[in-house]
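Okay, so here's the structure we're looking at.
Read the figures in this text as sums done on the coordinates, not as results from a lab. These numbers were taken from a predicted model, which means no experiment stands behind them. Heads up, the Cβs are rebuilt from the backbone with ideal geometry, glycines too, and the neighbour counts pull from every protein chain shown.
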């Protein structure tokens, strides 16, 4: 005798499965929010005792995502766009793993490879496994976390002169500069740049977002700029100028063409006024640009040509010496690179200039006994040094693919406004576009993306920015 199946029983099982999928998704959200939102608060997760707990948390997130796929909680529409685009990043990751396996110091190579792998993992999990509502809440959480970090950094500097970084004493060489939750003020500036990107994305959205989020974004944007000023980061200030240029070009794509130039004129005028006010109220920041490397002492009346004077002074700056050392290291293995994470281990061998002569007892002009370089202070140059021309070329494929993808999202937002003014994902796509521009430029002269916490924030923003779906809203 066949047993009849109750329709209500099927519905109960279906509801139970949906509830289980939702619970797993939110647990995944908690893990990703902890990695991307809390990592920067713990000194950027730079030290290994902070990096590895977050790496373990991310490994758990991958396992949870696998369970979500088995439960049918990841629709094929979310996976399909990544089947082709994902192939762009796989060759670089495979090469990075191979390079790390060949490196002589496995522990540092492992961390360097995981830095790339973890960033890709965060972006993919955010884009594929979180639903639009969860992506929006993650975006808000990152925004609030960075805004709180900005508030802490500004207050800590104005009241206590940044004598402590959280509960740890600061580095004396950074006295007088705001550091926030990072030991280095330049890395604090990098985090503030990301906060500025999110704030700009919210403020420039043409859709109605309510006074609360717009007001909060306005305050956060001001805190981000103040944080950069107090950090006295030259790279941070230059990056803000670049971001203003990006906003001028793409920030008003939602508006009709005849209105865009009016907004651009208003923005240029306001930016110039704020720049003048900042330099007048805080002139020491402008002085750091003028006096860098002693360039203000260059004199055309000297016998040495001005160009040679500038080169001479730049070669003797810390960054000039680190760049030159990395370049000499890259020349040892230009195609394959010196190995993942190996810059700090080869530094003593390549830091000194090549004009010395051991046999003739002639010291090099620049010796290597003044400081140790753990990172190149230039992410792009370090990528070339450690992974060679092959790895650098493989990295450019997903990078330009990401640029094209985000550019497509901005174009879609511009077109979508013509038929729907109440929805859209402009804050997500434009914040990701700005963040990518900020880190691309600042990485020319610093190593923000060697800080795991900063890398994870950027990855989460990119994951939110590339996902299709007009139903996602702030």
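A few comments on the model shown:
- Inter-site label distance for residue 292 and residue 310 at 7 Å from Cα along Cβ, in nm: 1.2 nm
- Its relative contact order, with pairs defined as Cα atoms under 8 Å and 6+ residues apart, puts the range 317-441 at 26 percent.
- Two-site FRET efficiency, residue 234 against residue 48, from Cβ-Cβ distance with R₀ of 30 Å, rounded to 0.05: 0.55
- Taking the C-alpha atoms only, the angle from helix 257-281 to the longest principal axis of the chain is near 50 degrees.
- Förster radius 56 Å - calculated FRET efficiency between residue 349 and residue 71, Cβ distance, rounded to 0.05: 0.60
- Look at the Cα gyration tensor of the range 28-77: its axes a ≥ b ≥ c give a/c of at least 1.5 with a/b over b/c, and that counts as prolate.
- Chain lengthening between residue 272 and residue 212 when straightened (0.36 nm per residue, less Cα-Cα): 18.9 nm
- Relative packing of peptides 182-188, 159-165 - highest average C-beta neighbours within 10 Å first: 182-188, 159-165
- Between the Cα long axis of helix 452-466 and the first principal axis of the chain there is an angle of about 50°, rounded to the nearest 10.
- Between residue 160 and residue 318, the contour length at 0.36 nm per residue exceeds the Cα-Cα span by 54.1 nm.
- Two-decimal ratio, the chain, of alpha-carbon radius of gyration to 2.2 N^0.38 Å: 1.07
- Calculated FRET efficiency, residue 17 to residue 396, Cβ-Cβ distance, R0 = 35 Å: about 0.25 to the nearest 0.05.
- Spin-label model distance (nm) - residue 408 vs residue 57, 7 Å beyond Cα toward Cβ: 3.2 nm
- With respect to the chain, whose longest principal axis is taken over its alpha-carbon atoms, helix 106-129 is tilted by about 40°.
- Normalising the average separation of contacting C-alpha pairs (under 8 angstrom, six or more residues apart) by the number of residues puts the relative contact order of the chain at 23 percent.
- Kirkwood Rh in Å, taken over all unlike Cα pairs in the range 331-456: 17.7 Å
- Estimated from helical segments only, the mean residue ellipticity of the chain at 222 nm is -23500 deg cm²/dmol, where each DSSP H run of four or more residues counts as -39500 (n - 2.57).
- Convex hull per residue volume in Å³, alpha carbons only, for the range 55-156: 139 Å³
- Peptides 457-465, 64-72 ranked from most to least packed give 457-465, 64-72, packing being the mean of other C-beta atoms within 10 angstrom over each peptide's residues.
- Relative contact order of the range 130-265: 23 percent, from C-alpha pairs under 8 Å at least 6 residues apart in sequence.
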